[in-house]
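The values are calculated or read from the model by the stated rules, or taken from the named source; none is laboratory data. Worth saying up front: this structure is predicted, and the values here are computed from it rather than measured. Virtual Cβ from ideal backbone geometry, glycine too; neighbours counted across all protein chains shown. Protein only, heavy atoms only, side chains kept; ligands, DNA and RNA dropped before computing areas. Shrake-Rupley method; radii C 1.70, N 1.55, O 1.52, S 1.80 Å.
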Amino acid sequence: MQISQLSRKNIQALTPYQSARRLGGSGDVWLNANEYALSPNFDLSNRTFNRYPEAQPEAVINSYAQYAGVQPENVIVTRGGDESIELLIRAFCEPDETILYCPPTYGMYAVSAETCGIATKTVPLTADFQLNLPEIERQLDNVKILFVCSPNNPTGTLIKRSDLLKLLQMTAGRAIVVVDEAYIEFCPDATMVPELANYPHLAIIRTLSKAFALAGLRCGFTLANAELINVLQKVIAPYPLPVPVADIAAQALQLQGIAQMQQRVKEVLALRAELQKNLENLPLVETVFASDGNYLLVKFKDGQKVFKTLWDQGIILRDQHKALGLNNCIRITIGTQTENNRVINALKAIIE
Ligand SMILES: *Cc1c(COP(=O)(O)O)cnc(C)c1O
């Protein structure tokens, strides 16, 4: 018998998350993972490696709580936002319960659920990439967690606050609503944090991977009321954060680090506006969708051809043609001025 056949049936059936790194490519312009183009610089201040780290490093928890405008008891730090997704599923879903999410959206909700043997329900976003609330309400039976990504990856759309509030009211007492705010630093006024006071079943996912330019660090957070956080504390690994990660995260969350992040956001927003305008002027572009993140979703006349042509030139974008309703669409991370110009010039050179 093959060893793989000894693995659980749901793992045998699982298609792993197609991360940008797993998809490969060889290039010098990487605009496929919504990373920041340049690395910030840090020195380690803690060199005690023989001892286990603090389970929830106080310096990280306290500074993130202050930054997010909550109390330390409302924060749990995880190995990237991705670990938060899995912790929530492991902690809240019985084997016969389901999660619900709204495609096209982030792929990890489904992958984490399938890994845990939890079934998934999908209610597609509407044509303008908003929640289909009546259909969600019809599907609520047996749903224990609803994942909503806002700004949504890959569409860039903010989900209307009024709809999120209706969703929270509709699910009160029966399910957890997870709002994934991985990109919230690019539109900070849209955060749902003020609603934590009103909704004990709201959980908010955050990360240092995007606006904080620290995807390599693997550091994320869940914000929620203390009772929900305490449930997650029960299932998280004993020492999830390596000493160097906690060290650098704490530095990045000092006032200076936050100011640097806000400066980066400003620059990315200006570059996004410029890239959007340049894309809209190209005849092979059909639509550039409005975005509140550090990326643009673009519909081309022939998306596959565009993706392959740029790939062959070492410009690596994120193909979305398999995502629900996103035929001919490509997601482009906002890069440096030079990288964005490389994209525009490569597109100009394509003969239709
Ligand atoms: C990047 C991202 C995350 C979390 O990424 P980590 O690197 O694991 O922190 C979560 N949700 C969405 C929608 C993302 O794009």
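With respect to the numbered conditions (1) in contact with a helix residue (DSSP H, G or I) (Cβ under 8 Å, 6 or more places away or on another chain); (2) surrounded by fewer than 20 Cβ atoms within 10 Å (Cβ to Cβ); (3) farther than 22 Å from GLY69 by Cβ, which one is the sole condition not fulfilled by GLN169?
All conditions are met except number (1).
Can ASN142 be described as in contact (Cβ under 8 Å) with a residue 40 or more places away in the chain and either away from the ligand (no atom under 12 Å from the Cβ) or open to solvent by less than 30 Å² (accessible area, probe 1.4 Å) (or both)?
yes
Looking only at segment 98-108, how many residues end up being away from the ligand (no atom under 16 Å from the Cβ) and either touching a Gly at 6+ places or on another chain (Cβ under 9 Å) or open to solvent by 30 Å² or more (accessible area, probe 1.4 Å) (or both)?
Summing the residues that are away from the ligand (no atom under 16 Å from the Cβ) and either touching a Gly at 6+ places or on another chain (Cβ under 9 Å) or open to solvent by 30 Å² or more (accessible area, probe 1.4 Å) (or both) in segment 98-108 gives 0.
Here's the yes/no breakdown for (1) outside any loop (DSSP other than H, G, I, E, B); (2) open to solvent by less than 30 Å² (accessible area, probe 1.4 Å); (3) of a type outside the set (A, V, I, L, M):
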position	(1), (2), (3)
PRO16	no, no, yes
SER39	no, no, yes
PHE42	no, no, yes
ARG47	no, no, yes
TYR52	no, no, yes
VAL60	yes, yes, no
TYR64	yes, yes, yes
VAL77	yes, yes, no
ALA110	yes, yes, no
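Given the condition among the small types (Gly, Ala, Ser) and surrounded by 14 or more Cβ atoms within 10 Å (Cβ to Cβ), answer yes or no: does some residue in segment 233-241 qualify?
Of all residues in segment 233-241, those among the small types (Gly, Ala, Ser) come to 237.
In the following step, the residues that additionally are surrounded by 14 or more Cβ atoms within 10 Å (Cβ to Cβ) were identified as none.
There is no residue in segment 233-241 that is among the small types (Gly, Ala, Ser) and surrounded by 14 or more Cβ atoms within 10 Å (Cβ to Cβ).
Only one of these conditions is not met by ARG90: (1) open to solvent by 40 Å² or more (accessible area, probe 1.4 Å); (2) within 20 Å of MET170 (Cα to Cα). Which number is it?
In the conditions (1) open to solvent by 40 Å² or more (accessible area, probe 1.4 Å); (2) within 20 Å of MET170 (Cα to Cα), ARG90 misses (2) alone.
From PRO134, PRO154, grab the single residue that is assigned to a helix (DSSP H, G or I) and farther than 16 Å from ILE99 by Cα.
Just a single option satisfies the conditions, and that option is PRO134.
State all residues of segment 89-116 that are of a type in the set (Val, Ile, Thr) and more than 22 Å from LEU167 (Cα to Cα); if no residue qualifies, say none.
Those that are of a type in the set (Val, Ile, Thr) and more than 22 Å from LEU167 (Cα to Cα): VAL111, THR115.
For segment 272-352, which fully contained strands (runs of 3 or more DSSP E) count at least 1 residues that are open to solvent by 10 Å² or more (accessible area, probe 1.4 Å) and of a type in the set (Val, Ile, Thr)?
Strands (runs of 3 or more DSSP E) meeting the threshold: 285-288.
For segment 249-263, what are the residues that are open to solvent by 30 Å² or more (accessible area, probe 1.4 Å) and in a helix (DSSP H, G or I)?
Answer for segment 249-263, where residues must be open to solvent by 30 Å² or more (accessible area, probe 1.4 Å) and in a helix (DSSP H, G or I): GLN251, LEU255, GLN256, ALA259, GLN260, GLN262, GLN263.
Select from segment 112-130 the residues that are more than 16 Å from the ligand (Cβ to nearest atom) and over 18 Å from GLU86 (Cα atoms) and write down the one among them that is surrounded by the fewest Cβ atoms within 10 Å (Cβ to Cβ).
Top of the filtered list is ALA127.
Checking GLN71 against (1) away from the ligand (no atom under 16 Å from the Cβ); (2) of a type in the set (S, T, N, Q); (3) surrounded by 20 or more Cβ atoms within 10 Å (Cβ to Cβ), which single condition isn't satisfied?
The one condition GLN71 does not meet is (3).
Quickly run through segment 179-238 and pick out the residues that are in a helix (DSSP H, G or I), within 15 Å of the ligand (Cβ to nearest atom) and among the charged types (D, E, K, R).
Hit for segment 179-238 is GLU185, nothing else.
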